[in-house]
Structure formats: C-alpha cells, structure tokens
Amino acid sequence: MSTISSDNRVGELETEKFNLIEDVVSLQDQLSALKSETAETAIRTKELETEAASCNSLRSKVSTLEMEKRNLEKKIVDLQVQVASKDISNNDADNFFKQIKDEKDQLEGQVNFLNSVIVDMQRKNDDLKTRIEILQLGPVPDDSRNGVSPAGRHPVAPRMYCDICDCFDAHDTEDCPKQASSDSPPPTQYHGERGSFFH
C-alpha cells in the first residue's frame, strides 16, 4: 500500500505541476497583452494631447477672427452713420462698403471653416478618450479557463488508479471488482514510470 500511496502522491504532484505550468503560461500571455495595451494607451494618449493642443490653437484663431469680424461690423455701422450725416459721398461709401463687405465675407468663411475643423477634432478627441478609457480598464480575465478562482486556485483532485488492473481513472484499488473474486490473481505492484502519462 505504501507504493500505491507513493504513486498516487506522485500523480497528484505531476497533475498539479502541469496545472501550475498552464497558469504560468496564461499569466505570461496576460502580461504580454497588458504590455501591448499599455504601449497602445501611451500612443493614444500622445495623439490625444497633440489633437487637444491643435484644437486649442484653432480655438484661439477663431477667437481672433471673431474679433476682427466684430471690428469690421463696427466699421460698417460707422460708415452708415457717416453716409447718413453726409460726411462721405455715396460713391466713396459704396467703394468702402464693398471693401469691408469682402473682408467680412472672407473672415466669416474662415471662421466657419475653422469651426467645422474644431467640431471634427473634438469628435476625434472624444473617440480617443473613449479608446483610452477602454484600454485603461483592460480585459476582464477569464480565470475559470485556468482553474483559478478569485479566492485562489482550486485543489487538484487525485486521479484514480487501480494497482490490480494497472489502469487509471476507472476505479481505485480498494474498489476493484476483481478483489471480490476468489480466483483473481494476486495484486501486482505498479512499476511503470508514472511521469510517462504526463509527457
């Protein structure tokens, strides 16, 4: 019985060893994936910072153009006052109006274009933020695949082995039906290499 007990213990240790190897391989895969995600997060974060800086620069340009546009609108109002008070001729006023209107239209076109660019960049920034948040959360590990629970790895059940039948997983030696037979051969000792079942 001591040999059987020793063989069973060897089997348990071999099984546990291979389970541990599987756990190590799984952890190495998770670490590799985590490194890849960290690198991608750094890249996305850099992109986000660059886009945010560009967006802020465009907003500053829009603010400047809006101010210039307001100044032109004020000039138009002043010109209308001068025409009304006869301080400037109608011909000169028409030329001045046309010049200011052209400048105003050009500024409005620039403002509208920059505003559309800002909207697109803001949308891109939001997408980048979402992707970064997803990357930072990371995947939820499926520990059940590796026989690992949040509280720790489940203990490995020893494999059944019958020394009389010289077979695994059918029944234990104590439960062997051949023991009930009076003409059954005497139990044989198992001398095979136990580790050969695990290679």
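Read-outs: derived from the displayed coordinates by stated rules, not from any lab. Keep in mind the model is a prediction, meaning the values are calculated, not measured. Every residue, glycine among them, receives a Cβ derived from its backbone with ideal geometry; neighbour counts consider all protein chains shown.
Brief remarks follow.
- Placed amide H near Asp172: partners under 5 Å, 5+ positions off or other chain: none
- Distance violations [Cα-Cα > 32 Å] among Lys61/Lys101; Lys46/Lys69; Lys74/Lys129: Lys46/Lys69; Lys74/Lys129
- Model label sites at Lys75 and Glu133, defined 7 Å from Cα along the beta-carbon direction, differ in position by 4.6 nm.
- A Förster distance of 30 Å, applied to the separation of the beta-carbon atoms of Thr50 and Asn112, puts the FRET efficiency at 0.80.
- At most 12 other Cβ within 10 Å, DSSP loop - trypsin sites (Lys or Arg not before Pro), the stretch 65-122: Lys86
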